[in-house]
Each structure stands twice: as structure tokens, then as C-alpha cells.
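Data block below; observations after.
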Amino acid sequence: MSPRPDLGPKPHLGYTQSRIERAAELRGDDAAVAGLAAQTTAGAYVIGGDWIVLKKATPLNEALFTFDEARALGASGETVFLGLIDGAARFGYGLAPSAAETLKNSEGYLVTDLRSIAVQGLVDAADLPPIAEAKAVLHWHLRHRFCSNCGSSTQAVQAGWRRDCAACKAEHFPRTDPVAIMLAIIDDQCLLGRSPRFVPTMWSCLAGFIEPGEAIEDAVRRETREEAGITCGRVTYFHSQPWPFPSSLMIGCHAQALSRDIVVDRTELEDARWFSKAEVESMLLRRHPQGLTTPPPVAIAHHLIRAWLEDETAFD
Ligand SMILES: [Zn+2]
């Protein structure tokens with residue numbers, strides 16, 4: 001076996017390890033939530049669709065606004081109670097996407113997307129999980145203004161964690177869409193693919209939505225077979241990651257490949273091929289002679305690949 005590579009300290013997996021205590025028992029208590037919102041320690045993340053509004057500052061921009069500051073930016077569509085951090089209430093303040101875009105021209109604000117914020121480290125890393133939480137729930141509100149059962153308009157209740165239909169009494173809850181993301185392995189090689197959406201040098205794990213009635217392991221085997229023609233046997237769970245684009249949960253797995261002949265589904269992937277450990281190590285460390293790379297540490301694919309390089313898959 002080749003010596004374990006020195007890849008440096010393990011980076012943080014983006015949007016995970018939230019410090020928020022969700023305090024779900026308070027959501028139905030309007031007076032308690034209003035009381036928390038009125039406290040001087042309360043703060044809100046301001047989100048307009050895909051845009052996150054930050055206060056420009058150095059070295060890191062500030063993500064948290066007081067309610068007075070947030071209201072001065074524009075009316076709130078919905079506000080969601082995210083929970084408590086050391087007793088201080090945190091909220092998501094839903095600004096109209098058009099209002100957020102207008103702020104791009106304002107002095108003092110940085111309006112950008114969450115991917116850029118995470119990859120470029122534009123805010124304190126501790127702010128990423130609550131921003132992800134707020135973005136996912138507020139996006140759900142924007143897309144669920146009408147009842148999926150009877151078509152009547154719905155109203156937000158439970159501090160932003162449910163929408164109720166007064167006409168048919170249906171209750172609607174924010175949804176999370178599970179995605180299987182996997183690194184298939186055979187001997188000393190792993191399977192990586194390229195989506196046409198990627199920057200030209202990047203290769204990553206295959207991934208796909210888990211379908212109704214499907215186990216995680218079966219989704220891993222199906223996606224690998226559909227996208228690359230590779231049959232997989234044993235599948236082991238690695239880690240998961242909220243991925244609020246708009247509301248996915250990435251479920252990372254390693255999979256034991258049982259075949260080697262790749263047949264690429266060109267409607268899904270630009271290309272897929274086997275990579276050796278030595279080549280993937282050079283990609284992860286940004287030393288590949290052709291400049292090929294793996295995804296950045298904010299993404300779970302980076303961690304799936306790194307765990308394999310460090311012999312930390314459950315197969316080892
Ligand atoms: Zn209804």
C-alpha cells in the first residue's frame with residue numbers, strides 16, 4: 001500500500017456544524033418569538049431569493065443585521081425564526097429579490113450569492129449554516145404561496161416553519177430534497193466526472209436526486225450505472241451536507257465498483273474516467289501538471305475524495 005499522503009489540516013465542510021439551537025418548541029408561541037425579536041441581541045440574515053445582503057467590512061463582511069437595519073432595506077416577504085445562539089435569537093429576513101438587486105449599487109453593502117460567500121470566505125464561517133438555513137426556508141416560502149391541494153393562498157405560521165391553507169385546512173412544511181453524491185472506487189482508482197456546467201479543469205463525484213421509494217444505497221448504484229455505466233456493490237455512508245441551492249441535502253457515500261468499462265451518459269456528463277490516487281492527490285493539492293482540480297473544500301465531494309486518499313473509507 002502506498003504511504004498515506006500529507007494533505008495538511010482537514011478543512012471545514014461548508015454549511016455544517018451549525019451553532020444554532022433551533023428551539024422548535026417556541027415556534028408556535030408568537031408572543032415569545034416577538035419578545036426574542038425585540039431583544040438587543042437579536043439579529044437577522046437578509047436574503048432576497050438567491051442574493052445574500054452583507055454589510056461591507058474588513059477583514060470579513062458582516063452578515064447579521066438588526067431588525068431596524070433590515071427593515072430599512074425594504075419590506076419583508078416572510079421572516080423565519082432560525083433559533084438561538086447562546087440565547088440570542090437569529091432570524092432570516094426575506095427581502096424581495098428585486099430589492100436585493102437594487103442594493104448592489106448602494107455604498108456599504110455587498111450583495112452576492114451564497115456559493116461565492118462560502119468559496120471566497122467572505123463572512124465568518126460560523127454564519128454559513130444559519131444563512132443556509134434561512135435561504136432554504138425563505139426560498140420555500142417564495143415558491144409555496146398557494147396550496148398544492150386546493151390552489152388557495154396560504155399563510156405562514158409557526159414562526160415561518162409552516163404554511164396553512166385556510167380553505168382546505170392543509171398544512172404545508174418546508175421540504176428538503178435528498179441527493180446522493182458518491183465516489184466509486186476500484187483498487188487504486190476512483191471514478192470522477194465532469195458536468196458541462198463545471199469550470200473546464202474541474203472533475204468531481206457523480207451525484208443525483210434520490211427518487212421516491214428509493215433507498216440511498218440504491219440511488220448510489222442507479223446513478224453510477226446511469227451516468228457512467230459502472231456497476232457498484234457495497235455502498236457506505238460518509239457524511240451529509242445541507243446544500244441550499246435551493247434546498248438539497250447532499251448524502252455522501254463511497255461505493256465499491258464491480259466493473260471498469262465506462263459508458264458516459266452525454267446528456268448528464270461531459271466526460272467520466274478513472275483517476276489514480278497519485279493524480280487525484282495532485283488535483284486536490286492544486287499541483288496537477290494540466291491544472292485539473294477537484295472541488296473546493298466547501299463541497300462534500302472534496303471530503304469524499306480526500307477520505308479515500310487518506311484511506312479513511314469504510315472499505316479500508
Ligand atoms: Zn388548500
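The values are calculated or read from the model by the stated rules, or taken from the named source; none is laboratory data. Just so it is clear, the model here is predicted, and its values are computed rather than measured. Ideal geometry is used to build each Cβ from the backbone, glycine not excepted, and the neighbour counts take in all protein chains shown. Protein only, heavy atoms only, side chains kept; ligands, DNA and RNA dropped before computing areas. Shrake-Rupley method; radii C 1.70, N 1.55, O 1.52, S 1.80 Å.
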Conditions (1) within 16 Å of the ligand (Cβ to nearest atom); (2) at pLDDT below 95: number failed by Gln155: (2)
Boolean, Gln256 is open to solvent by 50 Å² or more (accessible area, probe 1.4 Å), more than 16 Å from the ligand (Cβ to nearest atom) and either in contact with an Asp or Glu (Cβ under 6 Å, 6 or more places away or on another chain) or not in a loop (DSSP other than H, G, I, E, B) (or both): yes
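If you go through the range 125-140 one residue at a time, do you hit one that is without any contact (Cβ under 8 Å) to a residue 24 or more places away in the chain and out of contact with any Gly (no Cβ under 6 Å at 6 or more places or on another chain)? I'd like the intermediate steps shown before the answer.
Filtering the range 125-140 for residues without any contact (Cβ under 8 Å) to a residue 24 or more places away in the chain gives none.
No: zero hits.
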Criterion (assigned to a loop (DSSP other than H, G, I, E, B), out of contact with any helix residue (DSSP H, G or I) (no Cβ under 6 Å at 6 or more places or on another chain), open to solvent by less than 70 Å² (accessible area, probe 1.4 Å) and not hydrophobic (A, V, I, L, M, F, W, C)) met by exactly one of Pro11, Pro5: Pro11
Within the range 151-168, of all residues that are open to solvent by 20 Å² or more (accessible area, probe 1.4 Å) and closer than 25 Å to Met250 by Cα, the one nearest to the chain's Cα centre (by Cα) is Trp161
Extreme residue, most open to solvent (accessible area, probe 1.4 Å), among residues of the range 123-150 that are farther than 13 Å from Leu82 by Cα and basic (Lys, Arg): Arg143
Conditions: (1) more than 28 Å from Ala136 (Cα to Cα); (2) in a strand (DSSP E or B). Ser282 meets all but one. Number of the miss? (2)
Checking Glu171 against (1) open to solvent by 40 Å² or more (accessible area, probe 1.4 Å); (2) away from the ligand (no atom under 16 Å from the Cβ); (3) modelled with pLDDT of 95 or more, only one condition comes out false. Which one? (2)
Looking only at residues in the range 24-41 that are surrounded by fewer than 18 Cβ atoms within 10 Å (Cβ to Cβ) and of a type in the set (A, V, I, L, M), which one is nearest to the chain's Cα centre (by Cα)? Ala24
Hey, could you check the range 158-168 for residues that are in a strand (DSSP E or B) and within 21 Å of Ala24 (Cβ to Cβ) and say which is farthest from the ligand (Cβ to nearest atom)? Arg162
Find the residue count for the range 78-118, including only residues that are touching a helix residue (DSSP H, G or I) at 6+ places or on another chain (Cβ under 7 Å) and among the small types (Gly, Ala, Ser). 5
If you scan the range 55-67, which residues turn out to be closer than 18 Å to Ala100 by Cβ and open to solvent by 70 Å² or more (accessible area, probe 1.4 Å)? Lys56, Glu62
Across the range 275-316, which residue is most open to solvent (accessible area, probe 1.4 Å) among those that are small (Gly, Ala, Ser) and more than 19 Å from Met250 (Cα to Cα)? Ala278
Could you check the range 57-125 for helices (runs of 4 or more DSSP H) lying wholly inside it with 2 or more residues that are over 21 Å from Pro242 (Cα atoms)? 67-73, 97-102
Does Ser248 count as in contact with a Ser or Thr (Cβ under 6 Å, 6 or more places away or on another chain) and surrounded by 14 or more Cβ atoms within 10 Å (Cβ to Cβ)? no
Return a yes/no flag: does the range 100-110 have any residue that is polar (S, T, N, Q), modelled with pLDDT of 95 or more and open to solvent by less than 50 Å² (accessible area, probe 1.4 Å). no
Going by the structure shown, is Leu36 assigned to a helix (DSSP H, G or I), over 24 Å from Ser240 (Cβ atoms), more than 16 Å from the ligand (Cβ to nearest atom) and touching a residue at least 60 places away in the same chain (Cβ under 8 Å)? no
